[in-house]
Amino acid sequence: MSEKDLPHVPGVSDYDGAAGGWGALGAVARAVSGQLALGRETIALHRMNQPAGFDCPGCAWPDPKETSSFEFCENGAKAVTWEATAKRVKPEFFAKNTVADLWNLTDYTLEGFGRITHPMAYDRASDTYQAIEWDEAFRRIGEALRALPDPNMAEFYTSGRASNEAAFLYQLFVREYGTNNFPDCSNMCHEATSVGLPKSIGSGKGTVLLEDFDHCDAIFCIGHNPGTNHPRMLSTLREASLRGVPIVVLNPLPERGLERFTSPQHPVEMLTNSSVRIASTYYKLKIGGDVAVLKGMMKYLLAADRAATGAGQPGVIDRAFIEANTTGYEALVDDIEATSWDAIEAKSGLSRAEIEAAGDIYAKAERTIVCYGMGITQHAHGTENVQQIANLLLLRGNIGRQGAGICPLRGHSNVQGDRTVGITEKPNDELNHGIRSTYGFEPPVEHGHDAVAAVIAIREGRSKALVALGGNLAVAMPDTEETFAAMRGLDLAVHIATKLNRSHLILAKQSFILPCLGRTELDVQATGPQSVTVEDSMSMVHASAGSLKPASEHLRSEPWIVRGIARATLPQTRVDWDGLVADYDLIRDDIEKVFPIFFDFNQRVRQPGGFRLRVAASERDWATPDKRAQFLLARGLDEDPLPDEDNLMLTTIRSHDQYNTTIYGLNDRYRGVTGRRDVIFMHAKDLAARGLKHGDRIDVVATGVNAADGKRRAVDGFVAVEYDIAEGSVAMYYPEGNALIALESHDRRSGTPAYKSVPVRITRSTVQGAKRPKRQAAHAV
Ligand SMILES: Nc1nc2c(c(=O)[nH]1)N[C@H]1C(S)=C(S)[C@@H](COP(=O)(O)OP(=O)(O)OC[C@H]3O[C@@H](n4cnc5c(=O)[nH]c(N)nc54)[C@H](O)[C@@H]3O)O[C@H]1N2
Ligand SMILES: Nc1nc2c(c(=O)[nH]1)N[C@H]1C(S)=C(S)[C@@H](COP(=O)(O)OP(=O)(O)OC[C@H]3O[C@@H](n4cnc5c(=O)[nH]c(N)nc54)[C@H](O)[C@@H]3O)O[C@H]1N2
Ligand SMILES: [Mo]
């Protein structure tokens with residue numbers, strides 16, 4: 001966008017700085033100033049990602065092995081400050097504010113009230129939450145869970161901040177209770193990876209280590225925004241760029257962190273206001289054009305290989321690797337040959353020459369890493385997207401050797417670990433056997449619900465209870481109105497949380513908020529201070545120990561709370577809950593018994609930097625049925641077709657000032673947005689084609705799959721912002737955009753909602769001022 005020729009729109013301007021730099025320091029100072037308890041957070045920030053400190057709750061990017069100095073990260077600092085805030089939500093606050101009143105506040109305001117200090121239970125007569133004793137809360141929750149005719153009528157959600165220890169106890173409790181209903185934030189996030197990669201390479205996790213970035217010759221960054229969501233990754237990309245490694249970006253938006261970066265760790269860069277270029281080439285493809293580009297690159301590779309071998313030179317396809325390690329090469333070649341360049345260009349919005357140039361960088365690099373995020377997974381064909389990335393890498397033997405591999409950027413700081421320790425609706429034989437042999441009870445083997453299936457079951461009245469270990473499920477899920485309405489039909493809602501959010505205000509017959517310790521806080525149990533463990537995006541497991549005084553004396557750790565619910569629900573339990581919670585080493589011993597991959601857990605986690613869980617594919621041990629990596633086909637290119645010509649494809653993204661549904665502030669610095677979130681980024685030609693201009697109020701109406709049931713899903717009165725986004729593609733923030741997406745719009749294979757491919761129609765607004773998606777009263781009437 002060039003401001004000069006555009007009308008002034010309040011809160012929208014150009015940002016021409018680099019990512020990081022003084023702007024980042026200033027932003028932290030501002031964020032911190034409103035939240036600080038003197039000294040508390042400063043101490044916290046210095047213990048973050050240090051060998052003896054706590055793991056940053058911000059993201060799942062790994063820590064360099066020898067961290068000796070504080071690695072500054074703006075958004076990590078915000079995450080810690082947000083948790084370590086001096087603000088408190090006390091029983092007196094709840095007494096003064098009815099749920100109906102709270103409902104009318106924004107999500108930003110709700111969380112901004114601070115840390116919840118007491119266990120609370122909803123009281124219908126006064127329409128307020130009231131303090132309750134822990135034991136009484138557990139008693140009532142246990143009674144309600146036991147009263148359900150079938151354990152499969154309860155849903156047990158996990159958000160990815162829970163530690164391995166908390167998540168392990170949680171799944172143990174739920175399985176002893178008798179269900180595999182484990183909706184999980186990973187179902188909205190990297191499930192396409194967890195489902196797609198095992199079929200391709202036999203492992204559902206990334207194959208690279210941080211060290212591999214020191215040895216690679218090319219990096220592809222597809223559909224992720226590290227400047228905001230994995231800021232510490234910028235240091236890694238910066239080093240690679242300085243080494244001369246080409247970094248190719250595929251993204252419909254120009255993300256500043258992928259363009260250039262001023263490292264706060266480097267005084268000279270800071271003082272001279274200089275920056276390091278990150279992307280060597282930036283391709284603004286259309287939303288949903290990834291399979292087309294990946295197939296185009298493979299098409300180029302096959303042609304280059306034919307040309308080279310025809311001329312008697314070494315080919316660019318790694319035939320020796322393919323013969324020794326893979327299945328399905330011929331079928332892939334047929335599929336790629338049958339795909340025309342015209343179709344590839346039309347679908348991707350890139351020219352053949354551009355895609356060939358990207359293919360050439362890939363062909364020339366001895367070792368390549370492909371990184372990707374939600375721009376790949378959150379599509380109706382997210383699983384196939386992931387598998388095409390694997391295909392591209394396999395063609396040149398780029399998996400299972402130094403400096404090469406696949407690098408999914410996980411979301412929540414322990415989302416990967418939670419899955420490893422048993423949060424899964426589809427338990428395998430190993431898990432069931434481990435539970436049986438360790439605890440002597442029979443775990444349920446029938447598959448349970450993922451996130452979409454859970455909300456649909458609640459909507460249809462088949463599930464009547466929801467227990468949430470963290471998160472803000474109702475707001476994170478698609479179909480805001482439908483999801484909210486469904487949740488009001490519950491008999492029981494239990495939220496284990498640090499801060500107040502909208503999901504807590506969607507009332508069941510009985511609703512509870514159980515406040516827990518955060519990562520930064522000291523956790524003392526019967527045998528003394530405890531530490532927990534987490535697993536990062538690169539399968540490194542390490543310890544995390546908080547050191548701050550808890551925000552309230554009534555807070556309890558997540559493992560302790562799970563213990564309380566379990567004991568109250570399962571009078572005949574086979575598990576020694578009190579013993580395990582008294583000493584988390586014993587939980588880790590049990591994790592090791594159930595999951596042998598954690599052998600010598602307590603010993604290995606005490607090594608500096610922790611240890612790596614084995615990822616078989618990293619060693620070219622392919623755990624597929626035929627013990628070979630598989631080239632898998634994606635049908636055609638039309639990931640998510642647009643139903644009508646005048647439709648646009650909408651993607652929903654995170655601003656720089658948010659952590660998922662947690663809104664830290666209303667600014668999105670790198671995109672030039674200040675003090676507002678009611679914007680939609682559009683290309684100048686798409687505005688002009690609709691007779692619209694920068695700053696106009698518009699209505700966004702879902703079409704296609706999101707209108708198939710005849711419901712009007714819309715957000716009205718948003719502001720159009722002219723932006724350098726790919727033509728035909730538009731973007732708005734999450735969760736504002738969630739109201740447009742039907743629950744039914746998800747990847748059939750992985751269940752991942754298609755948050756990043758929402759066909760819409762955009763017209764001049766009929767309403768004055770931004771109207772948020774309709775919110776009904778908090779009560780079922
Ligand atoms: N500060 C902060 N850190 C976070 C989070 C946060 O909210 N705030 N969230 C955490 C979580 S749970 C997660 S999952 C991660 C999310 O991290 P990201 O995956 O980086 O998250 P998104 O903001 O969803 O952005 C995805 C990127 O994909 C691009 N994109 C959109 N559609 C397409 C497409 O069709 N193709 C391609 N190639 N690109 C596309 C967008 O322009 C955007 O740059 O971050 C984690 N870390
Ligand atoms: N449209 C759209 N929707 C999306 C996405 C998108 O890109 N677009 N992304 C999806 C993705 S990737 C994800 S992961 C989900 C996120 O979904 P969730 O994980 O459910 O949501 P969060 O916003 O991370 O949860 C915030 C809440 O967690 C609680 N909390 C914070 N710290 C702790 C803690 O230490 N312990 C406990 N028990 N609670 C804590 C606080 O009460 C806070 O209000 O959203 C998904 N929804
Ligand atoms: Mo996520």
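The values are calculated or read from the model by the stated rules, or taken from the named source; none is laboratory data. None of these values were measured; they are calculated from a predicted model. So basically every Cβ, Gly included, is an ideal-geometry build from the backbone, and we count neighbours across all protein chains shown. Quick note on the areas: whole protein, heavy atoms, side chains included, nothing else; ligands and nucleic acids left out. Shrake-Rupley method; radii C 1.70, N 1.55, O 1.52, S 1.80 Å.
Miscellaneous remarks
- Single residue of 688, 702 found to be at pLDDT 95 or above and either within 16 Å of ligand 1 (Cβ to nearest atom) or open to solvent by 10 Å² or more (accessible area, probe 1.4 Å) (or both): 688
- Selection count where residues are closer than 23 Å to residue 578 by Cβ and free of Cβ contacts under 8 Å to residues at least 60 places away in the same chain, scope the range 136-172: 1
- Residue within the range 594-612 that is open to solvent by 20 Å² or more (accessible area, probe 1.4 Å), more than 25 Å from residue 433 (Cα to Cα), modelled with pLDDT of 95 or more and outside any loop (DSSP other than H, G, I, E, B) present: no
- Within the range 238-254, tally of residues that are out of contact with any His (no Cβ under 9 Å at 6 or more places or on another chain) and either closer than 23 Å to residue 731 by Cα or within 16 Å of ligand 1 (Cβ to nearest atom) (or both): 7
- Flag if residue 82 is in a loop (DSSP other than H, G, I, E, B) and either within 16 Å of ligand 1 (Cβ to nearest atom) or under 22 Å from residue 666 (Cβ atoms) (or both): no
- Of the candidates 218, 192, 166, the single residue that is within 16 Å of ligand 3 (Cβ to nearest atom), open to solvent by less than 10 Å² (accessible area, probe 1.4 Å) and aliphatic (A, V, I, L, M) is 192.
- Wholly enclosed strands (runs of 3 or more DSSP E) of the range 106-161 bearing at least 1 residues open to solvent by 10 Å² or more (accessible area, probe 1.4 Å) and within 16 Å of ligand 1 (Cβ to nearest atom): none
- Among the candidates 329, 372, the residue that is in contact with a strand residue (DSSP E or B) (Cβ under 8 Å, 6 or more places away or on another chain) and either open to solvent by less than 40 Å² (accessible area, probe 1.4 Å) or of a type in the set (D, E, K, R) (or both) is uniquely 372.
- Matching helices (runs of 4 or more DSSP H) fully within the range 461-552 where at least 2 residues are closer than 30 Å to residue 597 by Cα and either at pLDDT 95 or above or open to solvent by 10 Å² or more (accessible area, probe 1.4 Å) (or both): none
- Just one of the numbered conditions (1) open to solvent by less than 10 Å² (accessible area, probe 1.4 Å); (2) part of a helix (DSSP H, G or I); (3) farther than 27 Å from residue 359 by Cβ is not true of residue 176: (1).
- Of note, residue 97 satisfies the criterion of being open to solvent by 20 Å² or more (accessible area, probe 1.4 Å), out of contact with any Gly (no Cβ under 6 Å at 6 or more places or on another chain) and closer than 26 Å to residue 467 by Cβ.
- Options 425, 442, 482: the member that is charged (D, E, K, R) and in contact with a His (Cβ under 7 Å, 6 or more places away or on another chain): 425
- If you go through the range 645-659 and keep only what is under 21 Å from residue 382 (Cα atoms), open to solvent by less than 30 Å² (accessible area, probe 1.4 Å) and near ligand 1 (Cβ under 10 Å from one of its atoms), you end up with 649, 650, 651, 652, 653.
- For the range 432-460, a residue qualifies if it is open to solvent by less than 20 Å² (accessible area, probe 1.4 Å) and polar (S, T, N, Q), and exactly one does: 432.
- Test: residue in the range 279-296 that is surrounded by 24 or more Cβ atoms within 10 Å (Cβ to Cβ) and more than 21 Å from residue 728 (Cβ to Cβ): no
- Whether a residue is surrounded by 13 or more Cβ atoms within 10 Å (Cβ to Cβ), modelled with pLDDT of 85 or more and either of a type in the set (Phe, Trp, Tyr) or closer than 23 Å to residue 552 by Cβ (or both) was assessed, and residue 61 passes this test.
- Out of 638, 621, one residue alone is modelled with pLDDT under 95, under 27 Å from residue 373 (Cα atoms) and not in a helix (DSSP H, G or I). It is 638.
- All of 583, 678, 668 fail the test of being surrounded by fewer than 23 Cβ atoms within 10 Å (Cβ to Cβ), within 16 Å of ligand 2 (Cβ to nearest atom) and of a type in the set (Asp, Glu), apart from 678.
- Among the residues making up the range 211-237, those that are at pLDDT below 95 and either away from ligand 1 (no atom under 16 Å from the Cβ) or part of a loop (DSSP other than H, G, I, E, B) (or both) are 230, 231, 232.
- Selection status of residue 209, more than 16 Å from ligand 2 (Cβ to nearest atom), closer than 26 Å to residue 418 by Cα and open to solvent by 10 Å² or more (accessible area, probe 1.4 Å): yes
- Of all residues in the range 413-438, exactly one satisfies the criterion of being within 16 Å of ligand 2 (Cβ to nearest atom), among the hydrophobic types (A, V, I, L, M, F, W, C) and assigned to a helix (DSSP H, G or I), namely 415.
- Of all the residues in the range 733-781, those that are at pLDDT 95 or above, in contact with an Asp or Glu (Cβ under 6 Å, 6 or more places away or on another chain) and open to solvent by 60 Å² or more (accessible area, probe 1.4 Å) number 1.
- Where a residue in the range 265-281 is within 11 Å of residue 19 (Cα to Cα) and polar (S, T, N, Q) and its partner, wherever it lies, is open to solvent by 20 Å² or more (accessible area, probe 1.4 Å) and not in a helix (DSSP H, G or I), with Cβ under 7 Å and at least six apart: 275/260
- Boolean, residue 431 is in contact (Cβ under 8 Å) with a residue 24 or more places away in the chain and within 16 Å of ligand 3 (Cβ to nearest atom): no
- When the range 179-201 is limited to residues that are within 16 Å of residue 392 (Cα to Cα) and among the small types (Gly, Ala, Ser), the one that is farthest from ligand 1 (Cβ to nearest atom) turns out to be 200.
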